[in-house]
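The values are calculated or read from the model by the stated rules, or taken from the named source; none is laboratory data. Everything numeric here is computed off the predicted structure, so don't read it as measured data. Neighbour counts are summed over all protein chains in view; Cβ atoms, including those assigned to glycine, are modelled from backbone coordinates with ideal geometry. Each accessible area value is taken on the protein alone, full model and side chains, heavy atoms only, with ligands, DNA and RNA left out. Shrake-Rupley method; radii C 1.70, N 1.55, O 1.52, S 1.80 Å.
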Amino acid sequence: MNTIQQTPPPALEVHDLTVAFDRKPVLWNIDLTIPQGKLAGVMGPNGAGKSTLIKAVMGLLPLSSGFVKIFDQPIDAVRGRISYVPQRESVDWDFPASVLDVVLMGRYGKLGLFKRPGKTDREKAKECLHQVGMEAFANRQISQLSGGQQQRTFLARALAQEADVYFMDEPFAGVDAATEKAIIQLLTTMTEARKTVIVVHHDLQTAQQYFDWLILLNTRLVAHGPVETAFTQQNLQDTYGGKLTLLSDVGDLIRRENFPNREGTIPKMI
Amino acid sequence: MNPLIQFFSFQDPNIRFVVIGAILLTASSAIVGSFTFLNKKSLIGDAIAHAVLPGVCLGFLLSGTKNPVFLIGGAFITGWLSLVAVEFVVSRTRIKEDTAIGLVLSVFFGIGILMLTVIQKSGNAAQSGLDNFLFGKAAALVGDDLIAFGAVAAILLVTVFLLFKEFTLLAFDKDYARAIGLPVRWISVTLTSLIVLAVVIGIQAVGVVLMAAILITPAAAARFWTDKIRVMIMLACVFGALSGLSGAYISFVAPAMPTGPWIVIVISTIAFISFFFAPRRGVVSRVMRQRTIRRTIHDENILKALYHLGEDCKDFTERHTAEEILRKRNIGSDHLERVLMRLKRQGYLTTANGRWQFTEEGKVRAQRVVKIHRLWELYLTTHLNIAPDHVHDDADTIEHLLTPELEAELEKLLDYPREDPHRAEIPYP
C-alpha cells in the first residue's frame, strides 16, 4: 500500500546558497524552505544581503554555490509562475511610458514573444491598478508619480502577471501608512488563495503583525520559520546585534586573494 | 528650371538614388538609435562605427571587389566583435565601460586605417572609393547601394516592429524582463545586431566619425517633444528622414557641399531647436514657467499686503496708496507700479486718484493666500514642532503653491482652526 502522503512541494527551497560580489561573499551558505501560501518577511540590517537573496533566488545574480528550487523545479522551468517587484530606485522613472504601459509589462511573460497586449490584457492591467488604488493614474506619465505611486505601479505590474510566487523588494519604501495597510491586506488575501509572497522588509515593529513566516538574515541565515518561533529576542539580537567581524574579514581576504569559493571553481582568468 | 522643382520632381535618377538612400539610412538609424538612447548606451554606436572599418577592408581583401555584400558582411563581423571586446574588458577587468569603449574603438580604428593604407598602396584599381567608408559618400549613391540599404532598412523595421515590446521592457527594466523569463540574452543580441547593421549602412552616407550623430541625435531631439515611446520613435524617424532629405538637397543646390556633414548639421539643428523650444521640456518653456511662477508670487504678495492693510483698518473696501502698500511689502515703487497695473488688468484691483481697492475677485484671492499662509504656520507648529518664530518664511512660499485639494486636506487635518500661532485670525470665505 502506498502510505506516502501527498504534500505540496515547497514554494521555495534554497540549498547551500553562497553569493559573492567581486569574490567577496555577501551571503554564506543559506539553507531555507518556504511552504506554499505563506506571507514571508525577509529581514535584517542594512547590507545583510536581503535584496541579494531574492535576486539570487530568481537567477538575476550568479551563484557561487548551491541551488534553488521553486515548486521542486529549477527556476527556469517555472518562470511563468513567479513575479517580481524590484526596488523602486532600480529603474529610471524618466522613461517615456505611462502607468498603464508599465503595468502591461506584467503581461509580457504570458504573451510570449512578438505578440502585443490586447483588450483582455488591458482590462487585467486596469483591474490590478484598481487593486492598488491607482486606477485614476492609468494614463499618467511615470515621471510624474510620487514615490508611493511608483511603488504601487510596480505592485500592480506584478499582480498583472497572475503568478504563484511573488518576490517583493522593499515594497513599502516611500509608501504612506494607510497605503501600506491596504497593500498588506491585499497580500494577505493573496496568500489565502495559496499564493506565496516573499517580502524584503525593514520595519521590525510591524513584522509580527504582517508576516506568518520569517527569514532573519545577516550575511548568513540567523533563523527562519513560522513567525511565532523565529521572532525571538535571541534571534533578533543575533540578526541586528552588530556584524560578524571575523566573517566579513575573511570575505575581504577572499576578494583580495582572488580565491575561489569552492574547490573546482578556481576563477578562469583572461 | 528652378532647382527646388527640379530636385523635388525626382526626375533625375541620381537625385532619386541619393534622396531615397539618404532617407533610408537616416530614418532606420534613428529608429534603432532610439533604443540605444533609451538603453543609455549612446557611446556604443561610436565604438561600432569605428570598428567597422577593418571589417570593410577585410571584406575587400578577401573578395577582391567592392561588392556591398562582402563589405557589409565584413563590417558586420568586426562591428560585433568590438562589442564583444568591450563586454569582455568590462566583465573581466576593473576597467569601466566608458574606458573600455575608448580603448576598443581606437584599437579597431587603428587597425582599420592600417589595412586601408596597405590596400591603397597595393595598386589594386578596384580599391578606389573604399575610403568612402571613412567620410561617407551620400552624394554618390547608386542603384546597387539602394538595394542593399533597402534590404537592411526592411530588416530593421520588421524586427523593431516584432520585438517592440521586448526592446522597450529591456530598456526600462532588464532585471524584471529576466525575472519573468523573457529570453533577455537573445533579445539583447538581436538589438545589438540591429545597431551594428544600422551603423554599417549608415557610415556609407556620413562616414565613421559622424555616424554616432545620426544614430543618437534624432532620438535625443524627439525625447524633448513627447513622453510616449511610440511617438518618440516616430518623431526620431521623421527628424532623421528630414535631415537626410535636407542633406541631399543642400548638396544638390551647392555641389561643393558634402551630403553627410549637412545631414548631421541639419539633425543637430533640429536637436538644438528641440532643446530650446520644445514645450515643457525645452529651456525656453522652463524659463517661461519660472517667470509665471515669479509673477504669481509678486501678484499674490501685493494682494496680501492690501489684505493686511484692510485688516488693520477693519474694512476691505478701503482704498490705499502705493506708499501704504510699500510699507507693508517693499518691492520698490517701480516694480510695485508694474504689479499693480497687472493686477488691475486682470480684474483684481481698481484704482481711483492713485488709490487702490480690491475688486470682489481680488479680495477672494487675497483672502485665500492669507488663509493658506496662516494654516501652514499652524500646521508647522502643531504637527512638525517648529517654533512659531521660524514658520513665517516657509508659509510665505507654500501660500502660492498649494492646490485646492491640498488646501482642503490641510483645513480638515487642522479641523478648521480660528487662529494661527501668532493669534491672527484665519479668514474663511
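Kindly evaluate residue B:205 against the criterion of being surrounded by 24 or more Cβ atoms within 10 Å (Cβ to Cβ), within 12 Å of chain A (Cβ to nearest Cβ), part of a helix (DSSP H, G or I) and aliphatic (A, V, I, L, M).
Judged against the criteria, residue B:205 is not a match.
Checking the structure you have, find out if any residue of the stretch B:248-259 is in a helix (DSSP H, G or I), open to solvent by 50 Å² or more (accessible area, probe 1.4 Å), without any contact (Cβ under 8 Å) to a residue 60 or more places away in the chain and among the hydroxyl-bearing types (Ser, Thr, Tyr).
Applying the first criterion (in a helix (DSSP H, G or I)) to the stretch B:248-259 yields B:248-253, B:259.
After this cut, where a residue has to be open to solvent by 50 Å² or more (accessible area, probe 1.4 Å) as well, the list is B:249, B:252-253.
If we keep only those that are without any contact (Cβ under 8 Å) to a residue 60 or more places away in the chain too, we end up with none.
No, there is no match, as no residue in the stretch B:248-259 is in a helix (DSSP H, G or I), open to solvent by 50 Å² or more (accessible area, probe 1.4 Å), without any contact (Cβ under 8 Å) to a residue 60 or more places away in the chain and among the hydroxyl-bearing types (Ser, Thr, Tyr).
Search the stretch A:179-193 for residues that are modelled with pLDDT of 90 or more and pair each with any residue that is open to solvent by 30 Å² or more (accessible area, probe 1.4 Å) and of a type outside the set (Phe, Trp, Tyr) when their beta-carbon atoms are under 7 Å apart and the residues are at least 6 apart or on different chains.
Close Cβ pairs (under 7 Å, with a partner that is open to solvent by 30 Å² or more (accessible area, probe 1.4 Å) and of a type outside the set (Phe, Trp, Tyr)) amount to A:186/A:131; A:191/A:38.
How many residues are buried (at least 21 other Cβ atoms within 10 Å of the Cβ) and assigned to a strand (DSSP E or B) if we restrict to the stretch A:6-19?
Residues flagged as buried (at least 21 other Cβ atoms within 10 Å of the Cβ) and assigned to a strand (DSSP E or B) within the stretch A:6-19 amount to 4.
So, in the stretch B:59-97, exactly how many residues are among the charged types (D, E, K, R), within 14 Å of chain A (Cβ to nearest Cβ) and under 31 Å from the mean Cα position of the chain (by Cα)?
2
I need the full set of residues from the stretch A:24-67 which are assigned to a strand (DSSP E or B), touching a helix residue (DSSP H, G or I) at 6+ places or on another chain (Cβ under 8 Å) and open to solvent by less than 20 Å² (accessible area, probe 1.4 Å), in order please.
A:25, A:27, A:30, A:39, A:41, A:42, A:43
Among residues belonging to the stretch B:235-247 that are open to solvent by less than 40 Å² (accessible area, probe 1.4 Å) and away from chain A (no Cβ under 14 Å), point out the one that is modelled with the lowest pLDDT. First the steps, then the outcome.
Of the residues in the stretch B:235-247, the ones open to solvent by less than 40 Å² (accessible area, probe 1.4 Å) are B:236-237, B:239-241, B:243-244, B:246-247.
Adding the requirement that they be away from chain A (no Cβ under 14 Å) leaves B:237, B:239-241, B:243-244, B:246-247.
Details: B:237: 95, B:239: 96, B:240: 94, B:241: 94, B:243: 93, B:244: 90, B:246: 91, B:247: 87.
Restricting to residues being open to solvent by less than 40 Å² (accessible area, probe 1.4 Å) and away from chain A (no Cβ under 14 Å), the top hit is B:247.
So, in the stretch A:71-96, of the ones that are within 24 Å of residue A:172 (Cβ to Cβ) and β-branched (Val, Ile, Thr), which residue ends up most open to solvent (accessible area, probe 1.4 Å)?
A:91
Conditions (1) away from chain A (no Cβ under 14 Å); (2) modelled with pLDDT of 95 or more; (3) part of a helix (DSSP H, G or I); (4) open to solvent by 20 Å² or more (accessible area, probe 1.4 Å), marked per residue:
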| position | (1), (2), (3), (4) |
| --- | --- |
| B:191 | no, no, yes, no |
| B:194 | yes, no, yes, no |
| B:198 | yes, no, yes, no |
| B:211 | yes, no, yes, no |
| B:233 | no, yes, yes, no |
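For residue B:131, indicate whether it is open to solvent by 20 Å² or more (accessible area, probe 1.4 Å), more than 14 Å from every other protein chain (Cβ to nearest Cβ) and within 20 Å of residue B:20 (Cα to Cα).
Taking the combined requirement at face value, the residue does not satisfy it.
In the stretch B:170-189, which residues are under 20 Å from residue A:78 (Cβ atoms) and within 7 Å of chain A (Cβ to nearest Cβ)?
Answer for the stretch B:170-189, where residues must be under 20 Å from residue A:78 (Cβ atoms) and within 7 Å of chain A (Cβ to nearest Cβ): B:175, B:176, B:178, B:179, B:180, B:181, B:182.
When you go through B:280, B:291 one by one, which is the residue that is surrounded by fewer than 22 Cβ atoms within 10 Å (Cβ to Cβ), among the basic types (Lys, Arg) and modelled with pLDDT of 90 or more? Can you show your working first?
Working: B:280 fails: modelled with pLDDT of 90 or more.
When all the criteria are applied, what remains is B:291.
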